[in-house]
Every structure is written in C-alpha cells, then in structure tokens.
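First up is the structure itself, then whatever we jot down about it.
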Amino acid sequence: SSGINAEYGGFDPTINDDLNGNDATELDVATQFGLTTQDAEDRGYVFEGNPQVEVFEDSNVEMQLAINTAQYGRTFQDRTHVFAIRKKPEDVVEGNNIYNLNVRGKRGNIVQTYPAVEYDFQPNRVQMKTGDYIHIQWTGSDTNPNNNDGQGRQGTDRSNMILLRNITYAKEGALPEQTHNMSQQGQWSSNYPIYITNTTSFLGLPNADIIAAAFIEQTQFGGDMEELDDAGTYYNMGLRRITDPGVYNYMSTRNNNFSNRSQKGRIVITQSPFVAKKVGVAGGEVALPNGEATLVLDPDAISQAVMFYLESTDAVLVQNTEEEQAARRKRREAGSNPASRAAVR
C-alpha cells in the first residue's frame, strides 16, 4: 500500500518474502491512519485477529472487524483478467463512433453463475448510425466447473452470432412497418437461426464475416463443431464499418436454450442520430446522442412507462425561449395539467 488512504500502489518487485526469510512481519497500520504507534495500539488499529477498533477517539465505542490473519495470504476467488488496448486503425473515418460488442456471463444457471450472470451479449441492444464502426469479439473458457449447466462439452464456454429466422407470422412489435420503415432481419421471438445464403444481409457485412461469426470458421477447421466444442475460446471479427440501415435480431445457437436461458441481441442502425429510451411516471429525459434535441418529461406527465424514440431529421427544430421555459416551470410548480408536461428543447 502507499499513501494515507492505503490504496494499492502497484507491484513492487523489490519486496518479497526473501527479505525476511518467511518470518512474520509487522504491518505498520498506524501510519496508514495518521496515528502514532501507541495510539494505534490503544485504539485497536493493529493487524491481528478480530481487532476491536475504537473509531472515534475517546468514545469508548469499539467495533470488531472480521479479520483472520491466517487467511490473508490466500486467494479464494481469482477474478483477475488480462485485456489489451489496441491503437485505432489509421483508416477509421473521424467523427464516427466505434461500438464494442462482446459476450458477458458464464456457463451455468442463475444459481451456478452467481455472483456473475448467465450468457448475454453486451450490450444486447446497440443503436448506431450508418458510417459508424462495430468491433465484434468475445472470449470463452475451458475451465468452468464441470457440473455447471449448459450446452456442449462440460466445462467449456463458447459463443457464436447468427441472425434469427425472419418473420413468419404477424406479431405485435415485430413487423417491418413498426420499426420506422427500416428493414428488419430476424424475428425476436423466434429461436431458430436464419438459413444463410450468398444474399443474406447482416449489417452490410461480407458473407465471409457472417459465416465466420456463425461457425467460428476463422479460427477452427474441422473437429467437433456442432456445438462449437473445438472452436477457439476467443473470437475476433475485427473492426467493421456499417453501411446498411435496419433492425437486426440475432442469437447464439450454442447457448440460447429456449425456456431456460436466452442469448439474443439486437442492433438498430439508422441513417441519422437515433435514440430509444423508456421513461416512467417519475419523468426523465431522452436525448439524441449528437445533442441536437432532448425530450423532457416532468413527473406524472405519463401514467405508465413508455418507450420513446427520437431520430434526427432535416426538419427545423424550434427551441424554447427562456420566457417559455420559465412559464413551463411555473406551470409545473403550480401543478398544471399533467398531460401537458412534456417538452422538446
């Protein structure tokens, strides 16, 4: 540790057990809390089993800490991870966003994965505009507990990405005309993948990328691949610029287990800035990502949670004057008609 706040100061290779021959070493707790050695001993600020600490000076109120010094050198759950930060490619067009699409969670049911979660795409809903970039990548594992529920070989984590089957019947919220006239690929309520052909459209990606994401073919040739058992633990499509607007619903055939657990995702691509956000009776704001407009809903403006969609257009947006905003605040404070308590600024 370093500093008065006892924050970890980083690995110091000059400090190790060779310096003291594995003998017990006294830990200077007093300095970390700005106390003298005697004050620390008197008030319980010492490194020992279950110390009783007098938090407030001269208070005679002691708080016992659950410390077992015999356990401090052990690692019960190693949650360390290794990640890399790569330099942005030089051919990336400035002014466009880059979205990182991963998989979170691990193999198992909700009890077995706790305190983690079951498989899910992260984020499971991506909103972007044409010209933006997406980096699809995820990691798996070969060292999960062998008794954890899941598909494929015991102990393995694997994922893939493939479009859901297209709409085959009328369903509320699933028809193309209900998605702002954008083309929709895949029916969210379906649990079957699309039949991939040379004309399959997914984000405007080339057919080779679509096949690789579905079958992990870029890292594996042959082997037991019905449930991707012999696929590599890491998949990296690389950075791709998105050109085709639309709504794309996809799944992981390996882990989407119908009624038990779901691994699905949605990517919404518009030709202009777009946002979808649910707001409840407490009110809130829905803002376009480029800052052009914000929808403000005061408390009780609506009687139930509503999903709002904002999309930038070529229309002229009239901004409220300061006088109009002041009048709106007065109406709100006076408890005016709740139905009028929504405004765009």
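Cβ-Cβ below 9 Å, separation at least six or inter-chain, first residue in segment 53-74 and over 21 Å from Leu35 (Cβ atoms) and among the basic types (Lys, Arg), second at pLDDT below 85 and open to solvent by 100 Å² or more (accessible area, probe 1.4 Å): which pairs?
none
Somewhere in segment 252-265, is a residue assigned to a strand (DSSP E or B) and hydroxyl-bearing (Ser, Thr, Tyr)?
From segment 252-265, those assigned to a strand (DSSP E or B) are 264-265; that's our starting set.
So of that shortlist, the ones also hydroxyl-bearing (Ser, Thr, Tyr) come out as none.
Scanning segment 252-265, I find no residue that is assigned to a strand (DSSP E or B) and hydroxyl-bearing (Ser, Thr, Tyr), so the answer is no.
With (1) of a type in the set (Ser, Thr, Tyr); (2) surrounded by 19 or more Cβ atoms within 10 Å (Cβ to Cβ); (3) assigned to a loop (DSSP other than H, G, I, E, B) as the list, and Ser272 as the residue in question, which single condition is left unmet?
(2)
When you scan segment 136-158, how many residues do you find that are open to solvent by less than 60 Å² (accessible area, probe 1.4 Å) and either touching a Leu at 6+ places or on another chain (Cβ under 6 Å) or under 19 Å from Ala84 (Cβ atoms) (or both)?
Residues flagged as open to solvent by less than 60 Å² (accessible area, probe 1.4 Å) and either touching a Leu at 6+ places or on another chain (Cβ under 6 Å) or under 19 Å from Ala84 (Cβ atoms) (or both) within segment 136-158 amount to 6.
Could you grab me the full set of residues in segment 56-101 that are assigned to a strand (DSSP E or B) and of a type in the set (Val, Ile, Thr)?
Filtering segment 56-101 for residues assigned to a strand (DSSP E or B) gives 62-64, 98-101.
Matches in segment 56-101: Ile98 only.
Only one residue in Asp120, Asp78 is within 23 Å of the chain's Cα centre (by Cα), modelled with pLDDT of 90 or more and among the acidic types (Asp, Glu). Which one?
Asp120
Look through Gly204, Gly238, Gly232, Gly280 and report the one residue that is under 17 Å from Gln137 (Cα atoms) and modelled with pLDDT of 85 or more.
Details: Gly204 fails: under 17 Å from Gln137 (Cα atoms); Gly232 fails: modelled with pLDDT of 85 or more; Gly280 fails: under 17 Å from Gln137 (Cα atoms).
Exactly one of Gly204, Gly238, Gly232, Gly280 is under 17 Å from Gln137 (Cα atoms) and modelled with pLDDT of 85 or more, namely Gly238.
The values are calculated or read from the model by the stated rules, or taken from the named source; none is laboratory data. Computed from a predicted structure; not experimentally measured. Glycine also receives a Cβ, built like all others from the backbone with ideal geometry; neighbour counts cover every protein chain displayed. With ligands, DNA and RNA removed, areas are computed over all heavy atoms of the protein, side chains included. Shrake-Rupley method; radii C 1.70, N 1.55, O 1.52, S 1.80 Å.
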